[in-house]
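Engineer: I'd like to ask some things about the structure below.
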Amino acid sequence: MSLSHKSTTFAGCMTNETSSPTLKRQLKMLTIPVFIEIALVMLLGAVDTIMLSRYSDNSVAAVGLDNQLITLVFLVYQFFSMGAAILCAQYIGAGLRKRLVQVVGMALVINLMLGLTVSALLFFFAEQLLHLMGLRPELMGDGVVYLRLTGALSFFQALSLTFSASLRSADKVIYPMAVTGIVNVLNIVGNYALIFGHWGCPQLGVEGAAISTATCRAVSMLLLAVIHFKVHIPRYPLSYFRPIPWQELRNLMRIGIPAMSENISYSLSQVAITYFINQISNEALATRTYCYNMIMFVYLFCVSITQGGDILVGHLVGQQRHQAAYVLGNYFFRWSMIITLTGSAILAIAGKNILSAFTDNQEIIAMGVWVLVVDWFLEIGRTSNIFAGSTLRATGDTVYPFVVGVIFQWSIAVGLSYVIGIPLGYGLVGMWVGFALDENIRGVILVRRWRSGKWRTKGFVRSHEP
C-alpha cells in the first residue's frame, strides 16, 4: 500500500471516530519506533553523565555545561532538517515526489556546509566560548577537551538530522530507531573502555567519553546515509536542481528561520540560566545536570507521540484534510499529558533513591529532590508547548510559536528565575519555579492558538496543485 493511500485511509477514519482501531494502529506504528529512537538519543547523551558520575562530580558539571552549547549547535543544524521534514510530510500527502527530492537535496547540501563551518568554530574557539559561559577555572580543563572533540565532529550530526528527518516524514521511522540503538551500544562500550581504561585502553576520563561519543555520531551518520539512499531517495537527478528550485528554498526558510530562531532562543536562554546556576555553586550545576538527564525521560513519550502524530498531521494538511488533522492533534495531546504527568509523579516520589545511585553528595540529593517536585508542575506547561509548538509548525504555522517563545523565555525563564534564584536567595529550586511559570504561560497561549484554527491557511500545498 502506498504512503499516500495509507494517509488517505487514515484521514477518512479520523473524521469518523478518534478512538477507532485504525487511528490507534497508525499512531502506534509511528510512535513506538520514534519513542525508542528518541529514548536512545537521550541515552546517548545521558550515558556520558551516568558513567562520568563514577569518575567525579566535577567532570559531570563540566560536561553538563558543554552539552548546553552542543545542544544549541544541534538546534542550528535542525534549521533545514526541520523545514525539510515538514515539507516532505505535506508533499508526500499531496503526492509531489519531485518537490520532495528537491527539498531533501538542498537541505543536505546546506547542512553539510553549515556543519563544517560550526565544527571548525567549536574546535578552534572552545576555550573562549566556555569562558563566555562562565565555566569555573577548576572545570575548564575537562570542559575544553570535551567540547573540542565533540564539536569538531559535530558536522556528522548535521547530516544525520537531515537523513533521519527525511526518513521519518516518509513513515520509515524504524530505520533511525535501529541506527540509534546500534550507536548507543557502541557508545556504552567505548565509554567503558576509554573512561575507565578497560580492555587495555588508556584511562582517559572526560576525553575518553568525548572520543566515544564523537565517533558514534560519525558511525550514525554513515549508517543513516546508506539506508536513506537504499530505501527512500536512491538518487538526486541534477535536472531537478537546474535551475535552482528557489521556491523550495524559500519554503525551507519560511519554516526553518522561525523554528530555528525559537529553538536557538530557548537554548540561549538555557545557556544564560546555566551561567546563573554556575554562580550559585558547583553542587547546583551538578544537580541541574543530574535532574535534567532524569527529567528528559519523563517527557519522552510526549515528544515521540507528537513527532509521530505530526508526520500524519503533515500528510493530512497536504491533502487539505484540516478537520482530521485537528481531531488527531487533540487525541495525542490528551494522551501526552496523562502519561507525562504520571511519569513525573513517579520520578518525584523516587527521586531521592535515583539521585543516591548517582552521587553520595547530600547537598546535591536534597536539592535535586525539591527540583523534581517542582518539575511536576513544569511538565504541564512543557507538554502543552511540545504538542502545540511542534504541531503548529507541522501545519506551516511557524511564526506565532517563535514570537511567543522569545518573549516569555527571556522575560520569565531567564529574568524571573534569576530574580527568584539569586537576589531573593531561593537558589536552584527557586529558579525551577521560574522555569515552570514560563512553560505554563507559553503552553496556555500556544494551545489556544491551535484551538483557534488559524493554522488551517498556513500549509505549503494548495488544493489546485497536482
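Engineer: So which of 456, 451 is modelled with pLDDT of 90 or more and either of a type outside the set (A, V, I, L, M, F, W, C) or surrounded by fewer than 16 Cβ atoms within 10 Å (Cβ to Cβ) (or both)?
Structural biologist: Every option except 451 fails the conditions.
Engineer: Further question: I'd like to verify a number: residues in segment 228-259 that are surrounded by fewer than 20 Cβ atoms within 10 Å (Cβ to Cβ) and either among the acidic types (Asp, Glu) or assigned to a helix (DSSP H, G or I) (or both), how many?
Structural biologist: Going through segment 228-259 one residue at a time, the tally reaches 14.
Engineer: While we're looking at this one, here's another question. For residue 190, indicate whether it is open to solvent by less than 30 Å² (accessible area, probe 1.4 Å) and either touching a Cys at 6+ places or on another chain (Cβ under 6 Å) or more than 30 Å from residue 83 (Cα to Cα) (or both).
Structural biologist: For residue 190, the condition - open to solvent by less than 30 Å² (accessible area, probe 1.4 Å) and either touching a Cys at 6+ places or on another chain (Cβ under 6 Å) or more than 30 Å from residue 83 (Cα to Cα) (or both) - is met.
Engineer: Which residue pairs have Cβ atoms under 9 Å apart, sit 6 or more places apart or on different chains, and have a first residue in segment 386-405 that is over 13 Å from residue 257 (Cβ atoms) and open to solvent by less than 10 Å² (accessible area, probe 1.4 Å) and a second that is basic (Lys, Arg) and modelled with pLDDT under 80?
Structural biologist: Correct list of pairs: 392/458; 395/458; 396/254; 396/458; 397/458.
Engineer: Return yes or no: is residue 75 assigned to a helix (DSSP H, G or I), aliphatic (A, V, I, L, M), within 17 Å of the chain's Cα centre (by Cα) and at pLDDT 70 or above?
Structural biologist: The answer is no for residue 75.
Engineer: In the list 61, 11, 84, which residue meets the criterion of being modelled with pLDDT under 75, more than 15 Å from the chain's Cα centre (by Cα), farther than 30 Å from residue 146 by Cα and part of a helix (DSSP H, G or I)?
Structural biologist: It is 11.
Engineer: Moving to a separate point now. So residue 298 ticks every box in (1) open to solvent by less than 40 Å² (accessible area, probe 1.4 Å); (2) within 22 Å of residue 162 (Cα to Cα); (3) of a type in the set (A, V, I, L, M) but one. Which box is left unticked?
Structural biologist: Unmet condition: (2).
Engineer: Condition check: open to solvent by 30 Å² or more (accessible area, probe 1.4 Å), of a type outside the set (Ser, Thr, Tyr) and either out of contact with any Asp or Glu (no Cβ under 6 Å at 6 or more places or on another chain) or not in a loop (DSSP other than H, G, I, E, B) (or both). Does residue 262 satisfy that?
Structural biologist: When the stated conditions are applied, residue 262 does not pass them.
Engineer: Out of the residues in segment 303-334 that are hydrophobic (A, V, I, L, M, F, W, C) and touching a Phe, Trp or Tyr at 6+ places or on another chain (Cβ under 7 Å), which is surrounded by the most Cβ atoms within 10 Å (Cβ to Cβ)?
Structural biologist: Per the criteria, the residue is 312.
Engineer: Can you name every residue in segment 398-422 that is polar (S, T, N, Q) and closer than 27 Å to residue 86 by Cα?
Structural biologist: Selection gives 398, 409.
Engineer: Next up: When you look at residue 22, is it open to solvent by 30 Å² or more (accessible area, probe 1.4 Å), among the hydroxyl-bearing types (Ser, Thr, Tyr), within 18 Å of residue 312 (Cα to Cα) and at pLDDT 65 or above, yes or no?
Structural biologist: Spelling it out, residue 22 is indeed open to solvent by 30 Å² or more (accessible area, probe 1.4 Å), among the hydroxyl-bearing types (Ser, Thr, Tyr), within 18 Å of residue 312 (Cα to Cα) and at pLDDT 65 or above.
Engineer: How many of the residues in segment 91-123 are closer than 17 Å to residue 78 by Cβ, touching a helix residue (DSSP H, G or I) at 6+ places or on another chain (Cβ under 7 Å) and open to solvent by 10 Å² or more (accessible area, probe 1.4 Å)?
Structural biologist: Matching residues across segment 91-123 total 7.
Engineer: Could you tell me which numbered condition residue 205 fails, if it satisfies all but one of (1) over 30 Å from residue 404 (Cα atoms); (2) touching a helix residue (DSSP H, G or I) at 6+ places or on another chain (Cβ under 9 Å); (3) surrounded by fewer than 17 Cβ atoms within 10 Å (Cβ to Cβ)?
Structural biologist: It fails just one condition, (3).
The values are calculated or read from the model by the stated rules, or taken from the named source; none is laboratory data. Model, not experiment: these values are computed from the prediction. We place every Cβ from the backbone using ideal geometry, glycine too, and count neighbours over all the protein chains shown. Quick note on the areas: whole protein, heavy atoms, side chains included, nothing else; ligands and nucleic acids left out. Shrake-Rupley method; radii C 1.70, N 1.55, O 1.52, S 1.80 Å.
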